[in-house]
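Written below as structure tokens is the structure these notes are about.
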Amino acid sequence: MVLATNLGFPRFGADRELKKATESYWKGNSSQDDLLEAGKELRLRHWKMQKDAGLDHIPSNDFSFYDQMLDMCCLLGCVPERYGWPQNSSDGGNVDMDTYFGMARGNDKAPAMEMTKWFDTNYHYIVPEFYEGQDFKISSSKIFDEFDEAKAAGIETRPVLIGPFTFVTRGKFKSENISAADIIPKLLPVYIEALQKLVDKGVSWVQIDEPILAMDMCETGKQNFKPVYEELAKAVPGLNILISTYFEGLRDNMDLAFSLPVQAVHLDLRRDAHQYKDAIGIIPEGMMLSLGLVDGRNIWKNDLHQSLNIIEFVESHIGSDRVMVGPSCSMLHSPVDLDLEVEMDADIKGWLAFSKQKLAEIAVLTKGANEGREAVAGELEASDATVSERKTSSRIHNNAVKDRMAGLSPDMFNRENVFAERQKVQRAALNLPSFPTTSIGSFPQTQEIRKARAAFKKGNLDEASYTEAMKTEIQSVVKYQEDIGMDMLVHGEPERNDMVEYFGEQFDGYAFSKFGWVQSYGTRGVKPPIIFGDVSRPNAMTVEWSKYAQTLTDKPMKGMLTGPVTILFWSFKRDDISYEESCKQIALALRDEVKDLEAAGIKAIQMDEPAIREGLPLRRADWDDYLKWAVDSFKLSVCTVEDATQIHTHMCYSEFNEIIESVGALDADVISIEASRSQMDLLDAFGAYKYPNEIGPGVYDIHSPRIPTSDEMTSLLEKAEKVIDPDMIWVNPDCGLKTRGWAEVEPALKNMVQAAKNMREKRQSAAA
Ligand code: GLN
Ligand code: ZN
């Protein structure tokens, strides 16, 4: 019998019940018991849902009140000393809830632990910390309690843990001279004790997540992997272990994965569709293969026929008793329930599956495998119909877009002249002082702005009044910038809720859900828009606003757009064409906007690309390919303007080293980057590489409410000047100001302008 399995279910509830319960607890509006109860209710709901769907292996311990890596820290007793635990624990040997949330969010004892992206997802986990001399011991009963809880409800579960290699390599070594090789042996006895406890409770299968096996692993990691698992398996002989890998193919680690003394290995067949072929060639006798066929990270219905073909092929080689069917990875990265989308366009809804629907797909595939295709004939037929509909639907396929894509020519990816030529013309046209000041785009989004936008969206405010309200805001933002003496102005982006959604709403080929939330971290979720078809721009999107703003001032007004790579990566992507193709379609739509802005008299246009770095593939071998099309897409979107039109871009993260050459290859006339938090250290990358164009290292950290003084910003600029030709330096904040209040922004920008003036004066007196 083929088994229907799952690797993890989204935990915050279809209506984000857990978010509400947790935030209410944090605010002191409800008790700890209320929160525990809310968690229990959700776990039971999700287990029952999976049981009812017909799943054989249902995960437990995939639930979390904040994050699964934080939960692992608690299970293993990996709690940084600064939280004062266990001295003041109120929960026996367990990490108590206050310490738990303290680690996640900071408390009166210490700031929060660091948080970072979980592989290439948009989910952020709490980063474990490792110290020399650290001791570990079981310090949370959560994984045991949840198994008991499900069992009491009549559901036998497969507890999930993050494996030691993934856990440790995703962490940070806080003492010098320690490494994974020091920590893993110390954690191993704790893992063994936990697994033994699970066996004692009657657990027959556990799922140990080791996505690290699908990444580039270092030699030491590769060497230590098998011995550690041998020790682990020897210690708990009665237990069946599934090693789950996801987010990439196993590639060079495939031999290693299948040499482990475990009972099953899970493969992500969405990210690496063909790896099952290699796997069946080397899988040892008796080991099971778990096929990750249903996309855990995207929202498209599965092609059931295609999946069933793979299942049957694998069955014919290793026998049906050795096959499991499941999602590619935990469904944590998918929205919960499509049924709630009652307002969604019926065609589009017909193409989608959220987590609950994915469970049904897994069940159908398993049934088809076990009872024959006739048993699921109706489902297969419906699936085939969807597949062929998506191949031909005029909602998806736009011939005009396809023709333009076919007609792309090399000259469309380059500016007419090289930067040095353009710079001359731009300097003449813009007439800016040295150390020109500008901002990244958005200004504080006040209550009033948000209210007006919401009312307009709901139909409670007519278009004329809404436009009027936005224009009033633009007037005041422009006047403020003129008053303090900024050199290149922005309109402030009051009309934008979000830098991707705003464009998605105006593109053809984009759809939106109402409940399509995916957890991003803690209680936070994002609701990515959905690219379902060929993307085009039926009408100009930003031109009227920018044009209006330019009428209010003689200073140059910067047009503000979001770049194609960022729009792609912050959306649900199509699975029927390549990322590259989708991205270039978006680039063409933006190219039209750029052209229209230029024609409307806008002399500088900024194409934000904060997501370029996060799009980097997990495997280094794939980087060049990605960077090539990412750079090409950016260039396609902007390389339509005259030399005199200045193209800006903006990126806000601090690790440029690895992609600096591609950043240079974008050939933007000006780039603004995040730099103040690292005290300009990251400029080293730009200096070492000799970044050829103009650059605005952020001198004002907008992520903090602190108002920087002009002296501080002057000294940051002095630091920058040592690495970059002062003639090339712009003066700007780190990022957009929309999350800040006017009370901070007003003095901070004034100080920033003063810093630029200081630099100019210093220069003049040096010249005199
Ligand atoms: N132009 C955008 C803004 O100012 C850029 C935001 C971003 O980089 N994340 O808000
Ligand atoms: Zn930014």
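Note down the relative contact order for region 514-641 as a percent, whole number, built from C-alpha pairs under 8 angstrom at least six residues apart.
Numbers: 171 pairs, mean separation 39.1, N = 128.
Once normalised by length, the contact order is 31 percent.
Given the Cα-Cα distance of residue 743 and residue 343 and 0.36 nm per residue of separation, how much length would full extension add, in nm?
On the way: separation 400, 0.36 × 400 = 144.00 nm, distance 4.03 nm.
Here the answer is 140.0 nm.
Note on region 47-136: percent of Cα-Cα distances in each 5 Å bin, starting at 0 and stopping at the bin with the largest distance, equals 3, 12, 21, 21, 15, 11, 8, 5, 3, 0.
P(r) tail for region 212-330: Cα pairs beyond 25 Å make up 21% of the total. Report P(r) for region 195-281: all Cα-Cα distances, bin width 5 Å, range 0 to the bin holding the largest distance, values in whole percent. All Cα pairs, binned at 5 Å, distribute as 3, 14, 25, 23, 17, 11, 5, 1 percent. Computed with the Debye formula from one identical point scatterer per Cα of region 302-356, without solvent, the log10 of I(q)/I(0) at q = 0.19, 0.23 Å⁻¹ comes to -0.80, -0.94. Normalising the average separation of contacting C-alpha pairs (under 8 angstrom, six or more residues apart) by the number of residues puts the relative contact order of the chain at 11 percent.
Peptides 605-615, 205-215, 744-754 ordered by packing proxy, namely the average of other Cβ atoms within 10 Å per residue, highest first: 205-215, 605-615, 744-754.
Using a probe of 1.4 angstrom and keeping all protein chains present, the accessible surface of the chain works out to 39 square angstrom per residue. Summarising the label geometry, the points placed 7 Å from Cα in the beta-carbon direction at residue 526 and residue 397 lie 3.2 nm from one another. The accessible surface of region 536-690, taken with every protein chain in place and a 1.4 Å probe, is 45 percent carbon and sulfur. Which of 557, 587, 541 sits closest to the plus end of the dipole of region 510-595, meaning its Cα is farthest towards the positive end, when Lys and Arg get +1 and Asp and Glu get -1 on the C-beta? Farthest towards the positive pole: 557. Karplus-based coupling profile of region 297-310, in residue order and whole Hz: 10, 9, 10, 8, 4, 6, 7, 4, 4, 4, 5, 5, 4, 5, with θ = phi - 60° in 6.51 cos²θ - 1.76 cosθ + 1.60 and x standing for Gly or Pro.
With R₀ fixed at 45 Å, the C-beta to C-beta distance from residue 451 to residue 384 puts the FRET efficiency at about 0.40.
Order of 499-506, 352-359 by packing, highest average Cβ count within 10 Å first? Mind showing how you got there, number by number?
Working: 499-506: 20.2, 352-359: 23.5.
Ranking the peptides 499-506, 352-359 by packing returns 352-359, 499-506.
If you place +1 on the Cβ of every Lys and Arg and -1 on the Cβ of every Asp and Glu, how big does the dipole about the Cα centre of region 647-754 come out, in debye to the nearest 20?
On the way: 8 positive and 19 negative charges, 74 e Å.
Taking the Cα centre of region 647-754 as origin, the dipole is about 360 debye.
Length available on full extension from residue 460 to residue 52: 0.36 nm per residue minus the Cα-Cα distance, which gives 142.6 nm. A simple packing score, the average count of other Cβ atoms within 10 Å per residue, orders the peptides 56-64, 269-277, 536-544 as 56-64, 269-277, 536-544, with the highest score first. For residue 3, nonlocal amide neighbours, meaning residues 5 or more places apart or on other chains whose placed amide H falls under 5 Å from its own, are 323, 324, 325.
Average projection, convex hull of the Cα set of region 379-447: 11.7 square nanometres. Listed by chain and number, the lysines placed with their C-alpha closer than 20 angstrom to that of residue 458 are 471, 514, 527; residues fewer than eight positions away on the same chain are left out. Shape class of region 681-768 from the Cα gyration tensor (axes a ≥ b ≥ c, square roots of the eigenvalues): oblate, since a/c reaches 1.5 or more and a/b does not exceed b/c.
I want to verify the translational diffusion coefficient of the chain in µm²/s; compute it with Stokes-Einstein, Rh as the Kirkwood radius over Cα pairs, at 37 °C and 0.692 mPa s. Please list the in-between numbers first.
Working: Rh = 28.1 Å.
Reported coefficient: 117 µm²/s.
Estimated at the nearest 10 Å², the accessible area of residue 52 is 130 Å² with a 1.4 Å probe.
Expressed as a whole percent, the accessible surface of region 691-768 that belongs to carbon and sulfur atoms is 53, based on a 1.4 Å probe.
Rg/Rh for region 562-670 to two decimals, with Rh computed the Kirkwood way over all alpha-carbon pairs. Mind dumping the intermediate values first?
Numbers: Rg = 13.7 Å, Rh = 14.2 Å.
My calculation puts Rg/Rh at 0.97.
The values are calculated or read from the model by the stated rules, or taken from the named source; none is laboratory data. Since the model is a prediction, treat every value here as computed from it, not as a measurement. All Cβ positions, even for glycine, are placed from backbone atoms using ideal geometry, and neighbour counts span all protein chains on display. When the accessible area is computed, the model is the full protein with side chains, heavy atoms only, and any ligands, DNA or RNA have been set aside. Shrake-Rupley method; radii C 1.70, N 1.55, O 1.52, S 1.80 Å.
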